[in-house]
Amino acid sequence: MKLKGRNKVSPEFSMSSMTDIVFLLLVFFMLTSSVPNALDLLLPKAKGKSTNVQNVSVSINKKLEYYMDDQKVNPEFLETELKRKLKNEEKPTIILRAEEGVPIEKAVDVMDIANRNNFKVILAVRPK
């Protein structure tokens, strides 16, 4: 009596299905990730938590150029542009992105504008 089965179990593993899954996940994450700021700024390092609340982003680079949501703004007109952009917001919030090496007075100027107009300011930093 022959009890041995004819079907043999193959110990080989095919990576093609795993590669397909990884590729689909890569495409999914690339499509769903958002780029909040297209400016290439080197932010200062600090410990802290991140937030998802963002109404307006104000960026200052080393050349002391001011950007509001990726559009260059004259520093003299920054306050009026912020008022115009945030006038209909319930909790107006400014994300301040001051590049490393920018004089602190420039960041304080933006904070002063926010204080005068009751805007909340969040300073963006790199994680340590």
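Below, the figures for the structure above:
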| quantity | calculated |
| --- | --- |
| Scope the range 59-69; condition surrounded by 11 or more Cβ atoms within 10 Å (Cβ to Cβ) and either at pLDDT below 90 or not β-branched (Val, Ile, Thr) (or both); matching residues | 59, 61, 62, 64, 65, 66, 67, 68, 69 |
| Residue in the range 20-33 that is farthest from the chain's Cα centre (by Cα), counting only those that are open to solvent by 80 Å² or more (accessible area, probe 1.4 Å) and at pLDDT 85 or above | 20 |
| Pair list, Cβ < 6 Å and 6+ apart or interchain, from the range 96-125 residues that are of a type outside the set (Ser, Thr, Tyr) to residues that are open to solvent by 80 Å² or more (accessible area, probe 1.4 Å) and not in a loop (DSSP other than H, G, I, E, B) | 96/123 |
| Qualifying residue in the range 72-80 (condition: modelled with pLDDT of 90 or more and under 19 Å from the mean Cα position of the chain (by Cα)) | yes |
| Some residue of the range 40-58 being assigned to a loop (DSSP other than H, G, I, E, B), surrounded by 12 or more Cβ atoms within 10 Å (Cβ to Cβ), modelled with pLDDT of 90 or more and not small (Gly, Ala, Ser) | no |
| Which numbered condition residue 87 fails, given (1) over 14 Å from residue 124 (Cβ atoms); (2) within 21 Å of the chain's Cα centre (by Cα); (3) modelled with pLDDT under 90 | (2) |
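The values are calculated or read from the model by the stated rules, or taken from the named source; none is laboratory data. Small disclaimer: the values here were computed from a predicted structure and weren't measured. Cβ coordinates were reconstructed from backbone atoms using ideal geometry, including for glycine residues, and neighbour counts include every protein chain displayed. Only protein heavy atoms, including side chains, enter the accessible area calculation; ligands, DNA and RNA are left aside. Shrake-Rupley method; radii C 1.70, N 1.55, O 1.52, S 1.80 Å.
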